[in-house]
Amino acid sequence: MRRSFFLATFALPLLLTTSGAQLSAADAKASELDLKTERVIIFKDGYCLFIKKATFTTDKHGEAFTDDVPDAAVLGSFWAIPEEGRLVSMQAGWKTTEETKDKETICKETIEILLANKGKQAKIELHDKTVLSGAIREVLVEKTPTLLAEPQLEALDVSVLSSVALTSSGVPRPARRRPIRPESTETHTLTTISGANFVLRTDDGDVFLSAGSVRSVSIKDMKTTLSKSMKSTRRSKRLTFKFPEGEKKQTLSLMYFRPGIRWIPTYRIDLRQKEGKNLAQVSLQAEILNEAEDLHDVPLDIVVGVPNFRFKGTPSPLVLEATMRNLLAEAAPDIMGQQSQLSNAMYSQRSG
């Protein structure tokens, strides 16, 4: 895991501050929160308060959403506050999206070459030296989806979730520093071709042949790539916010305490003489260790002290951490149901 370090030097006061239904694609983009980190307040014990803000327009149902869900937040400290009006509810759940597209792959088997050139004139030489000429009428194959491993994805030039994540509008989102957890995954399947026989239309009629009996194939302007169907399934977290009015512009602040950023103090003493007096100036230098989220041009407030939370070590269920879901399942199995139901867990908090 990479770590980010910052150095800041301040005078010694107690608080040290540095300044600083299906929707169309257009509708979905308008109702998606583009959260910007406004400020981070860092405590000495490795906990911090994130303050984020976004301006958006609710859809016709009064809802807006974000897939930028934090991976950690202290129980009872996850707050969403609208600038005007009231927020009816905030709901956390899982969203699964599927996308299918064609991918050109290199033919590696004779049967794939025959399929890629179906309909073309071909000269087929068999192992017994027999030569047949005609059009490739039919290639008898079965198409089966096969799960791709990461090396295969790299060979196909397919981005993986751990490197680039996309918003629902298709805009790349900066990569997260933390490794992707099992419950936040993206899988890819590619259609594989299996078969052994084909039909060649010759002047004497159709000939049924085995691809395994073919020694060589001659085709003018032979195509050596085959279009295969690749299906990508992405499972990600989503926060949905419900407002009383639809199609209205809103500004929302999202705040939460989480572990992952700490500051380490070092002190410097500057001894000097001024007007015959011996003076000592004490300065505090803060080294910031960030293992939480990427921060770019974000003001930081560094606090000398630590917050006191009763459930400091318990994550909020709104971040959909597997440990919290398992804890709730053990505490209330009748309510939470079986593990298979937990995979689609959804939590919400409602005002009023």
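Bear in mind these aren't lab numbers, they're just calculated from the coordinates by the rules spelled out. Only a predicted model underlies this, so the values are computations on that prediction, with no experimental measurement involved. Positions of Cβ are generated from backbone atoms using ideal geometry, with glycine treated the same way; all protein chains shown enter the neighbour counts.
The trypsin sites (Lys or Arg not before Pro) of region 32-98 meeting both criteria, a DSSP state outside H, G, I, E and B (loop) and at most 16 other C-beta atoms within 10 angstrom of the site's C-beta, are Lys44, Lys60, Arg86. Among the listed pairs Lys95/Lys242; Lys101/Lys242; Lys248/Lys312; Lys120/Lys231, a Cα-Cα separation exceeding 25 Å is found for Lys101/Lys242; Lys248/Lys312; Lys120/Lys231. Fully extending the segment from Val306 to Thr189 would add 37.3 nm, taking 0.36 nm per residue of separation and subtracting the current Cα-Cα distance.
Taking a straight Cα-Cα cut-off under 20 Å and skipping sequence neighbours fewer than 8 places away in the same chain, the aspartates and glutamates within cross-link reach of Lys228 are Glu98, Glu99, Asp102, Glu104, Glu109, Glu112, Glu138, Glu142, Glu150, Glu154, Asp157, Glu186. Subtracting the Cα-Cα distance of Ser89 and Asp204 from their residue separation scaled by 0.36 nm leaves 34.0 nm. By the count of other C-beta atoms within 10 Å, a proxy for reagent exposure, Trp263, Trp94 are ordered fewest to most as Trp94, Trp263. The trypsin sites (Lys or Arg not before Pro) of region 199-234 that DSSP puts in a loop, and whose beta carbon has at most 16 other beta carbons within 10 Å, are Lys220, Lys223. Taken about its Cα centre, region 220-308 carries a charge dipole of about 740 debye when Lys and Arg each add +1 at the Cβ and Asp and Glu each add -1 at the Cβ. Compared with the alpha-carbon gap, the fully stretched path from Leu140 to Glu287 is longer by 46.3 nm at 0.36 nm per residue.
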